Amino acid sequence: MTTSTDTLTVTDNRTGTTYEIPIADGTIRATDLRQIKVDDADFGLMTYDPAFMNTASCRSAITFLDGDAGVLQYRGYPIEQLAGQSNFLEVAYLLLEGELPTQTQLTQWESDIAAELTVDPRVRGVVEGFSKDAHPMTILLAAIAALAPVYPDANDITDPEAQRRQVVRLNAKVATLGAYAYRHNAGQPYIDPKPGLSYAENFLTMIGQESPDPRLVKALDVLLILHADHEQNCSTSAVRSVGSSQVDPYSAAAAGVAALYGPLHGGANEAVLKMLRRIEKAENIPAFIEGVKGGKERLMGFGHRVYKNFDPRATIIKKACDDVFAVTGVNPLLEIAVQLEKVALEDEYFVKRKLYPNVDFYSGLIYEALNIPVEMFTVMFAIGRMPGWTSQWYEMINDKEQKISRPRQVYVGPAKRDYAAVGAR
Ligand code: CMC
């Protein structure tokens with residue numbers, strides 16, 4: 001509730017003028033600062049916020065995150081409860097629709113997804129166009145974008161039924177395309193989706209694992225739930241920003257895949273495993289940590305823009321590791337990871353900067369136990385994140401307050417100058 005005292009009084013010391021700016025939801029409107037001018041010709045005050053450290057770009061009812069308390073909730077439901085009791089498709093529905101489905105709604109949703117699992121031959125052709133050593137994220141990126149021409153109704157972005165059709169297609173086909181990328185890289189024939197299986201089991205089957213152990217299927221399902229949304233992270237902001245141009249949602253989702261690919265974002269899970277392999281044995285940890293503290297490299301899988309206490313997803317994943325290793329036997333890299341975490345959490349460098357393991361620190365060990373190669377880890381993240389990207393796109397496209405995304409800048413280049421012909425320079 002806003003009261004009359006919910007305002008900010010600002011005095012511009014350049015002019016001596018005082019302004020009263022409303023505060024709502026713990027924010028002021030950046031455009032309210034524009035009235036603060038030194039004279040009529042002045043454009044007005046702007047905020048400067050590289051990397052959006054302190055700028056809310058939207059109002060969202062999807063995911064709540066309290067970084068200091070280590071809290072993550074989807075539509076109000078704690079991540080711990082969803083990971084323990086729900087399943088990925090139900091969570092995807094929750095993110096999109098705002099409520100948990102009734103049995104009838106769930107059955108309909110599952111059958112809508114099942115009906116869209118297959119991929120048009122033209123998009124398969126895009127996958128096949130890549131060389132076998134192409135990174136599967138690059139293949140996924142191209143294949144997601146290639147869905148747009150197959151579904152011309154994707155351009156009807158104001159039609160609620162068309163919006164929903166694309167959301168269903170994206171959430172179904174991303175798993176099939178991820179599996180195709182894997183099989184293509186492995187030089188193996190594609191395996192058709194099996195609509196009767198759960199989302200996670202279907203994926204494992206499509207990458208060639210027949211009748212996977214239910215405990216492994218459950219672990220993958222939990223990982224997908226943990227990755228399903230994370231409010232305005234880099235890739236989701238990319239989806240919203242690109243989608244705000246009113247381009248079709250496949251192109252917007254492809255932007256999300258591209259952003260996720262980077263090693264500071266979803267690519268971190270791949271980087272963690274490579275880092276653990278490089279460290280090789282526990283006695284190499286101290287030298288590695290010294291290198292990190294000396295600025296040579298980052299401890300991948302540590303640190304987060306928002307979590308400054310612990311990442312609740314990492315806690316759940318660490319427990320899931322135990323369940324998975326009970327089936328597959330312990331991955332020797334786990335010992336290095338546990339020891340590395342211990343050393344880092346006791347080191348002043350990491351303590352002072354509030355650096356804790358994030359979702360990517362242990363997830364790769366589970367993927368590896370599921371026989372998923374390291375290059376596929378970020379693809380797994382993308383499959384898990386599709387409900388978040390599409391729910392955020394859906395929310396954005398139906399939000400009357402949103403416009404085309406267009407930040408301002410502080411120009412620091414040369415003042416106007418005259419062109420000189422090449423010989424005169
Ligand atoms: N290893 C060593 N030092 C670090 C690390 C790290 N992983 N992360 C941050 N720092 C240091 C950083 O050097 C800086 O130190 P100083 O104040 O002396 O300059 C301080 O901590 C603050 O770091 P920052 O870069 O300003 O923090 P940020 O909020 O911009 O970056 C981050 C967040 C996740 C990009 C960063 O912590 C990082 O690069 N982590 C490693 C990559 C990683 O694990 N990414 C996955 C993130 S979670 C899942 C996802 O989003 O995909």
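Just a few scattered comments:
- Of all residues in region 276-321 being among the small types (Gly, Ala, Ser) and assigned to a helix (DSSP H, G or I), the one that is farthest from the ligand (Cβ to nearest atom): 282
- Condition met for residue 216 (within 16 Å of the ligand (Cβ to nearest atom), touching a residue at least 60 places away in the same chain (Cβ under 8 Å), of a type outside the set (D, E, K, R) and assigned by TED's automatic domain parsing to the domain that holds residue 96): no
- Residue within region 25-34 that is exposed (fewer than 12 other Cβ atoms within 10 Å of the Cβ), of a type outside the set (A, V, I, L, M, F, W, C) and in contact with a strand residue (DSSP E or B) (Cβ under 7 Å, 6 or more places away or on another chain) present: no
- Of the criteria (1) more than 15 Å from the ligand (Cβ to nearest atom); (2) buried (at least 23 other Cβ atoms within 10 Å of the Cβ); (3) of a type in the set (Lys, Arg), which one residue 342 fails: (2)
- Residue within region 348-355 that is touching a strand residue (DSSP E or B) at 6+ places or on another chain (Cβ under 6 Å), in contact (Cβ under 8 Å) with a residue 12 or more places away in the chain and outside any helix (DSSP H, G or I) present: yes
- Applying the criterion of being of a type in the set (A, V, I, L, M) and closer than 10 Å to residue 184 by Cβ to the residues of region 129-142, the residue that is surrounded by the most Cβ atoms within 10 Å (Cβ to Cβ) is 139.
Residue-by-condition table, conditions (1) in a helix (DSSP H, G or I); (2) within 12 Å of the ligand (Cβ to nearest atom); (3) over 21 Å from residue 136 (Cβ atoms):
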| residue | (1), (2), (3) |
| --- | --- |
| 232 | no, yes, yes |
| 235 | yes, yes, no |
| 242 | yes, no, yes |
| 247 | no, no, yes |
| 251 | yes, no, no |
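- Residue 74 being surrounded by 15 or more Cβ atoms within 10 Å (Cβ to Cβ) and either at pLDDT 95 or above or not β-branched (Val, Ile, Thr) (or both): yes
The values are calculated or read from the model by the stated rules, or taken from the named source; none is laboratory data. As the structure is a prediction and not an experimental result, all values here were calculated from the model. In this analysis, Cβ positions are derived from the backbone assuming ideal geometry, glycine residues included, and neighbour counts consider all displayed protein chains.
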